[in-house]
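A quick write-up on the structure given underneath.
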Amino acid sequence: MFLLKTVDEMIVDVYEYFKEHPGYNKLVGSDYLLVEYKCPINVEDYQLWTESHLITYVINGRKDWFAKDKTYAIKGGDALFIRKGVYSTRQYFEVDYCVILFFINDNFIKNFISENALKISEQEETVHDQIFEIDVNASFESLILSIFNYLKEGDIPGNLVEIKFRELLFNIVLNSKNKKLAYFFHSLGKSGKSDMAYTMRKNFQYDLKMEDFAKLCGRSLSTFKRDFKDYFEQTPGNWIKNERLEYAKSLLINSGLTVNEVCYESGFKNAAHFNKIFKQKYALPPKQYRLSQHNS
């Protein structure tokens with residue numbers, strides 16, 4: 001499924017939004033953020049990105065989350081673990097949507113795994129899932145509701161919140177039905193530049209600032225640029241441009257999108273600029289390139 005965006009659309013940084021925006025019932029720590037979010041029925045669908053991983057537990061309502069290769073439909077009583085990255089959502093309008101959101105960064109998960117010396121069986125293959133469905137058993141649901149009650153009470157000690165976050169992770173990794181997610185937690189301790197490469201390959205087509213790409217990769221801007229050049233042997237800007245052009249070429253050949261839709265879907269904001277640099281790389285403008293490929 002192609003998730004189109006227009007030039008004027010803005011991708012919402014939900015972590016920063018909830019962290020800085022007043023009016024939400026929330027608790028903020030150095031490595032985590034807990035938010036109760038009540039979404040009215042007239043809300044628009046939107047595209048978002050998050051620099052921290054996100055656990056969402058639905059109290060009421062329905063929503064679809066779109067990863068690059070799969071749609072996840074969730075309703076009351078369901079939970080998802082969503083890796084940091086860019087996503088689109090679809091809201092259903094029959095009832096209000098209410099969720100508890102747990103934002104957890106890499107450091108929190110890495111420290112949790114290392115400090116507790118958890119024995120997690122390794123998989124030979126790398127986990128490429130962007131979103132994981134969490135098995136909601138009785139103990140998980142009970143834990144969520146206890147956190148929800150603490151949240152409604154207001155002034156909670158930070159160390160108690162951190163204990164509850166750790167208890168949440170314990171519940172996930174000790175449940176054999178969450179084996180794949182547990183392995184992803186374990187793999188974070190080993191990830192480095194390869195994790196940066198995965199993150200960039202999943203998100204290059206989105207209209208983010210270079211500072212945002214650095215945040216997604218868990219680095220300062222200067223460290224991100226240095227590590228990126230070491231790994232890809234070119235600058236981030238040049239790599240992103242070439243990846244977007246390759247993606248645009250694939251869409252022109254394999255999809256029915258118009259040239260303008262291909263332009264925006266590939267991450268370019270200006271059709272004239274897109275036509276110009278596409279021709280520089282492939283010797284033909286996008287429309288003529290598509291015709292030449294179809295004719296051949």
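The values are calculated or read from the model by the stated rules, or taken from the named source; none is laboratory data. Worth saying up front: this structure is predicted, and the values here are computed from it rather than measured. Quick reminder, even Gly has a Cβ in these numbers, built from the backbone with ideal geometry, and neighbours come from all protein chains shown.
Quick notes
- Which numbered condition Phe278 fails, given (1) assigned to a loop (DSSP other than H, G, I, E, B); (2) buried (at least 16 other Cβ atoms within 10 Å of the Cβ): (1)
Here is a yes/no grid of residues against (1) surrounded by 15 or more Cβ atoms within 10 Å (Cβ to Cβ); (2) in the same structural domain as Tyr32 (by TED's automatic domain parsing); (3) at pLDDT 90 or above; (4) farther than 29 Å from Val12 by Cα:
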residue: Asp69; (1), (2), (3), (4): no, yes, no, no
residue: Val95; (1), (2), (3), (4): no, yes, no, no
residue: Ser114; (1), (2), (3), (4): no, yes, no, yes
residue: Gln123; (1), (2), (3), (4): no, yes, no, yes
residue: His128; (1), (2), (3), (4): no, yes, no, no
residue: Phe148; (1), (2), (3), (4): yes, yes, no, no
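- Residues within the stretch 222-236 that are surrounded by 15 or more Cβ atoms within 10 Å (Cβ to Cβ) and within 23 Å of Trp49 (Cα to Cα), tallied: 5
- A single member of Ser88, Ser30 is hydroxyl-bearing (Ser, Thr, Tyr), in the same structural domain as Ala138 (by TED's automatic domain parsing) and in a loop (DSSP other than H, G, I, E, B), and it is Ser30.
- Any chance Lys202 is under 26 Å from Thr50 (Cα atoms), touching a residue at least 40 places away in the same chain (Cβ under 8 Å) and not assigned by TED's automatic domain parsing to the domain that holds Glu115: yes
- In the stretch 71-93, residue farthest from Asp106 (Cα to Cα) [restricted to those that are of a type in the set (Phe, Trp, Tyr) and crowded, with 17+ Cβ neighbours inside 10 Å]: Tyr72
- Of all residues making up the stretch 198-238, the number that are at pLDDT below 90 and at positive phi: 1
- There is no residue in the stretch 245-256 that is more than 21 Å from Asn203 (Cα to Cα) and polar (S, T, N, Q).
- If you go through the stretch 230-256 and keep only what is more than 25 Å from Thr199 (Cβ to Cβ) and either part of a helix (DSSP H, G or I) or in contact (Cβ under 8 Å) with a residue 12 or more places away in the chain (or both), you end up with Leu252, Ile253.
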